[in-house]
1. Which far-off residues, 5 or more places away or on another chain, put their amide H under 5 Å from the one on Ala194, with H placed in the peptide plane?
2. Using the C-alpha atoms of the range 73-148, what convex hull volume per residue, in cubic angstrom, is computed?
3. Using the Karplus curve 6.51 cos²θ - 1.76 cosθ + 1.60 with θ = phi - 60°, what ³J(HN,Hα) values do you get for each residue of the range 57-74, in whole Hz, with x for Gly and Pro?
4. So what J values fall out for the range 180-192 if you push phi through Karplus, 6.51 cos²θ - 1.76 cosθ + 1.60 with θ = phi - 60°, rounded to Hz, Gly and Pro as x?
5. Using only the Cα atoms, what convex hull volume per residue in Å³ does the range 3-178 have?
6. Per 0.36 nm of contour for each residue apart, how much would the distance between Thr106 and Ser279 grow if the chain were fully extended, relative to their Cα-Cα spacing?
7. With all protein chains present, how much of the accessible area of the range 3-178 (probe radius 1.4 Å) comes from carbon and sulfur, to the nearest whole percent?
8. Considering only protein heavy atoms, what per residue accessible area in square angstrom results for the range 138-203 with a 1.4 angstrom probe?
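The values are calculated or read from the model by the stated rules, or taken from the named source; none is laboratory data. Please read all numbers here as calculations on a predicted model, not as lab measurements. Side chains are part of the model used for accessible areas, which takes the heavy atoms of the whole protein and leaves out ligands, DNA and RNA. Shrake-Rupley method; radii C 1.70, N 1.55, O 1.52, S 1.80 Å.
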Amino acid sequence: MGVASFLVILLAAAFVGGRTAVEAHNITAILGGFPDYSLYNSYLSQTKVADEINARETVTCLVLPNGAMSSLAAKRSLVAIKAALRLFTLLDYFDAQKLHDISGGTVLSTTLLQTTGVVHGNLGFVNITDLKGGRVGFASAVPGSKFDSLYTKSVKQIPYSISVLEISAPIVYPGLLDSPTKSDANVTVLLEQAGCKTFSGLIVTSGVLKNYQSAMANGLTVFAPNDEAFKAAGVPDLSKLSNADVVTLLEYHAAPDYLPKASLMMSKVPIRTLASGGSGRYELTVTTRGDDVTLNAGMDTSRVASTVIDDAPFCILTVDSVLLPAELFGKGPNPAPSLVPTVSPSLPPTAVAPSPSTVNAKAPSPERPLSPPAPPMESPGESPVDAPEAAADSKGEPTGGTADPSVPVFLVLTAFGSILLLS
Ligand SMILES: *[C@@H]1O[C@H](CO)[C@@H](O)[C@H](O)[C@H]1NC(C)=O
Ligand SMILES: *[C@@H]1O[C@H](CO)[C@@H](O)[C@H](O)[C@H]1NC(C)=O
Ligand SMILES: *[C@@H]1O[C@H](CO)[C@@H](O)[C@H](O)[C@H]1NC(C)=O
């Protein structure tokens, strides 16, 4: 079988799997079987790096046993620990065999830290070098870094999907573990700078800012509508709502959990908000399409636009529409606001942008590595959840789309393969 046809089969397999291919591994479940890494596993969950790992099709996790992880984490901010865990996640597949077969005995691998865009230069790369005597060492790609981190043993492999390897010590570069937390950031100032002045004013005058602040330390995600969102048709006149209803509406715009965009994308169950409780569910569901994330409130939907601050375990995301819960606006004497679909169902999924690739470039590139430039995969007729009854049904499949796009894509790939074979 030719290389080309093998490649095509790989590509096709990745697509036929569709969404499930992306969920082919669960690092939390894998490490759950190994008590030696329970601390590492716990930090992967707290920082939500676990979600970033699970979203990758091909990944190698370099894990530290509890003793080494405990010294790494001692007195560090969660933000610093998150940076380190991202650096320990290589966006390439290395099992023991491949580590020892590295051509030339040395290679650079890109990591999750590199793809976050917060680090510059080669800080997000790891140098893997065969140190001879059968030892393989890992070091930051920053010149002068020492190979203090050695490969000690293989923990678990799912071929071409995930490899978990134990290392003896953390891979570090100067400054990695000093990542400052911005927990003293002034939320109202941040919101104003992000174009959410109306929302910022409302949370101050209603006192909801205090509720946010007391929830922050244990995980909080704020979905802040921008100023345009409050002017949109269909948004009820807030001055006609009771104070209690304004408070509930604003509490509906925050979840008592740390849910950066990567975690929203992986979320399968309805998200509880600060408004959830005795008087109703006040939940949000999430629809993901390509890199777009849409929140489905009871009465409308809203695209997640940007990240204002991501400071584990706290983050603020902006949203394009005010989220209108059915519990407040779907019944009662007030007529329900008209539905304003804010996400065009005819938008094709955003093409997956290529991300910094492994320097050795032998293996598939990191970001959804097996995806060729994809044709639009979903028909324009397929609409996101937009009926109130459907949106209010929390048991509904939150990921929306039902049509299986894999068959036409498979045909396209087959054609693509034939061309490759003929050329
Ligand atoms: C991964 O496994 C953990 C532990 O078994 C489980 O709680 C979690 O829901 C799983 N995540 C996904 C995305 O399936
Ligand atoms: C890895 O580091 C070693 C020692 O600094 C260096 O000799 C080697 O060239 C580096 N490997 C790569 C691929 O840059
Ligand atoms: C945040 O900034 C605003 C405007 O400058 C100020 O009024 C407020 O007191 C500050 N809040 C905190 C907690 O420092």
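1. It is none; the list stays empty.
2. In the range 73-148, the Cα hull volume divided by residue count equals 113 Å³.
3. Residue by residue, the range 57-74 yields 7, 9, 7, 10, 9, 9, 10, 9, x, 3, x, 5, 5, 5, 5, 4, 7, 3 Hz.
4. Here the 3J(HN,Hα) series is x, 8, 9, 4, 8, 4, 7, 4, 5, 5, 4, 5, 5 Hz.
5. 125 Å³
6. Taking Thr106 through Ser279 to full extension adds about 56.3 nm, to one decimal.
7. 59 percent
8. That works out to 49 Å² per residue.
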